[in-house]
Amino acid sequence: MNFEPVFLPRLEFLPESEYSGWKVRPESFFWRTIERGMLPTEAAALPGQWALFDTTPKPPAGDLVYEEDPLADLITELRAAGAIRRTDGVPDGSRVGISLLELDDLVFPRLAHGLGIGSSGNVQIWVPREIEHNFLGNLRYPMLGDGVVREWLADPVEEFDRLVAGFRLHTVDLYLASTRHATLGFRPLILFPAPIPAGPTRRSNKRE
């Protein structure tokens, strides 16, 4: 697996915040969404927790498969079994063309099982929130702002929408959690229990 340990320090961000290395900031759409109450103010705060971050490179131009992807076999199995719907033109092992609901219901539970992570809720496998994605892109992983694929984010906007990281590190978009798109992929973030009071909560897509 291409996971690296990262620490997400307890920090709160404003558009004008001055933190060392924070050069490429989320675009104005992200901040307006918070100002209008569509996202909680905690959406611009890091939780003060350790995590494992998936560093798999995005697909190169003209391709839809993440480079040397350790999740390709798992995704291929789920598509072959009909659990994840196939999309025309998308290879079976590709991370693109998978909805956030399918990630929550199918991909991440299988990944947790493969990694030996229990279901106690102490460890979360999810996608990063925008502020985590942006912070890590500035800190260590500039490749998050490159490529031809956007990626799911965990931030909930109203009941069914989720933020999406754009083709560049500063860009942010919005999609229904049920969307499947040939230029929309994902990368897991494994979040460990906070050693200090818990940071921002994240909402599951699981339907009651």
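A dipole drawn for the chain from +1 and -1 charges on Cβ atoms has a positive end, and of L101, L52, M143 the residue lying farthest that way is L101. Relative contact order for the chain: 28 percent, from Cα pairs under 8 Å spaced at least 6 residues apart, divided by residue count. Here, region 3-191 yields an orientationally averaged convex hull projection of 10.3 nm² when only Cα atoms define the hull. In a Gaussian network model over the chain where Cα atoms closer than 10 Å are linked, find which of P70, P59, P26 has the largest mean-square fluctuation. Maximum among the listed residues: P70. Its Cα gyration tensor gives region 103-177 an equivalent ellipsoid; the semi-axes, largest first and in whole Å, are 23, 16, 11.
Values quoted throughout were computed directly from the atomic coordinates according to the rules given, and no laboratory measurement underlies them. Being a predicted model, the structure only gives us computed values, none of them experimental. Don't worry about glycine lacking a Cβ; one is built from the backbone with ideal geometry, like all the others, and counts go over all protein chains shown.
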